[in-house]
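*Asks:* Got a structure for you, written out below as structure tokens; questions coming shortly.
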Amino acid sequence: MRLRRKPWTRNMIEQNPDYILDRPKAGLIDWSSRFENPDAPLYIEVGSGKGQFIINQAKKHPDVNFVAIEIQEAAIGMILRKQLEEQLPNLQLFLGNGEALTDYFAENSVSKVFLNFSDPWPKTKHEKRRLTYKSFLDIYKTILQPNKGIEFKTDNQSLYNYSVQSFNNYGMHFDFVSVNLHDSKMAEDNIMTEYEEKFSAKGQPIYALYAHFSA
């Protein structure tokens, strides 16, 4: 969902380069130098929205480094505002496009990719824009460490079905599959996004898929 422009966002981003990378030029980033604990595993969320999920992940797992990746300036501004309040040493923000991850993350440098409530792009002609399309899987496999993978959640059954097939066709190994995450063994440890809270409150099932790439 496209958020309305927020006038204060641009100035806040420019004033806080220690927390956010603002559409940087292509070139591998030394992510370890941007965290208090450079040796911690690195998890990234592609499409972080307003940031509820990634903020709470960083709070819950101080021994993991997180990068929130968002293409919308208004959305990343909202995450940055929360981060300025929290001052979490294990959270960095990235304003940019998920299609260019291999420009900024070294091969085998990431331990987990989160895809939460991604745009379903329902029209067939837009298939290549779906974050679980095979070209995106190529990108994730390149930056992920061997035997590491993706945690995917959505309220959209069509996108879920598509993603199951896409992961399977790619030869990924399934670790967890659910058509009702909140009524599964993973519910207790699940951290919800803003959209997830909204949809589940209406009785909408949440679909989840965790899978990893072979070495």
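The values are calculated or read from the model by the stated rules, or taken from the named source; none is laboratory data. Source: prediction; values computed, not measured. Glycine also receives a Cβ, built like all others from the backbone with ideal geometry; neighbour counts cover every protein chain displayed. For the accessible areas, the whole protein counts, side chains as well, though only heavy atoms, and no ligand, DNA or RNA atoms are used. Shrake-Rupley method; radii C 1.70, N 1.55, O 1.52, S 1.80 Å.
*Asks:* For the subset of the range 178-198 comprising residues that are under 13 Å from Gly49 (Cβ atoms) and outside any loop (DSSP other than H, G, I, E, B), which member is least open to solvent (accessible area, probe 1.4 Å)?
*Replies:* Within the range 178-198, the match that is least open to solvent (accessible area, probe 1.4 Å) is Glu196.
*Asks:* When you look at Lys141, is it basic (Lys, Arg), in contact with a Phe, Trp or Tyr (Cβ under 8 Å, 6 or more places away or on another chain) and in contact (Cβ under 8 Å) with a residue 60 or more places away in the chain, yes or no?
*Replies:* Taking the combined requirement at face value, the residue satisfies it.
*Asks:* Related question: Quick check on Val164: is it closer than 19 Å to Met186 by Cβ and open to solvent by 40 Å² or more (accessible area, probe 1.4 Å)?
*Replies:* Spelling it out, Val164 is indeed closer than 19 Å to Met186 by Cβ and open to solvent by 40 Å² or more (accessible area, probe 1.4 Å).
*Asks:* Also, I was wondering about something else. Looking at Gln57, Gln83, which one is out of contact with any helix residue (DSSP H, G or I) (no Cβ under 9 Å at 6 or more places or on another chain), in a helix (DSSP H, G or I) and surrounded by 16 or more Cβ atoms within 10 Å (Cβ to Cβ)?
*Replies:* Gln57
*Asks:* Follow-up. When the residues of the range 1-40 are filtered to those that are of a type in the set (Lys, Arg) and touching a residue at least 40 places away in the same chain (Cβ under 8 Å), which remaining residue is nearest to Thr193 (Cα to Cα)?
*Replies:* Top of the filtered list is Arg2.
*Asks:* A further question on this structure: Does the range 115-133 contain any residue that is in a helix (DSSP H, G or I), aliphatic (A, V, I, L, M) and surrounded by 15 or more Cβ atoms within 10 Å (Cβ to Cβ)?
*Replies:* No, the range 115-133 has no match at all.
*Asks:* Quick check on Asn169: is it open to solvent by 70 Å² or more (accessible area, probe 1.4 Å) and either aromatic (Phe, Trp, Tyr) or in contact (Cβ under 8 Å) with a residue 24 or more places away in the chain (or both)?
*Replies:* So Asn169 passes the test.
*Asks:* If you check Gly49 against the conditions, is it within 12 Å of Asn116 (Cβ to Cβ) and at pLDDT below 95?
*Replies:* yes
*Asks:* Taking Gly27 as meeting all but one of (1) surrounded by fewer than 21 Cβ atoms within 10 Å (Cβ to Cβ); (2) at pLDDT 95 or above, write down the number of the exception.
*Replies:* Unmet for Gly27, out of (1) surrounded by fewer than 21 Cβ atoms within 10 Å (Cβ to Cβ); (2) at pLDDT 95 or above: (2).
*Asks:* Name the residues in the range 86-103 that are in a loop (DSSP other than H, G, I, E, B) and farther than 20 Å from Phe136 by Cβ, would you?
*Replies:* Across the range 86-103, the qualifying residues are Gln87, Leu88, Pro89, Asn90.
*Asks:* When you scan the range 98-114, how many residues do you find that are over 16 Å from Ser48 (Cα atoms), open to solvent by 50 Å² or more (accessible area, probe 1.4 Å) and out of contact with any Gly (no Cβ under 9 Å at 6 or more places or on another chain)?
*Replies:* Qualifying residue count for the region: 3.
*Asks:* Determine, yes or no, whether Asp138 is open to solvent by 20 Å² or more (accessible area, probe 1.4 Å) and assigned to a helix (DSSP H, G or I).
*Replies:* Here the answer is yes, as Asp138 does meet what is asked.
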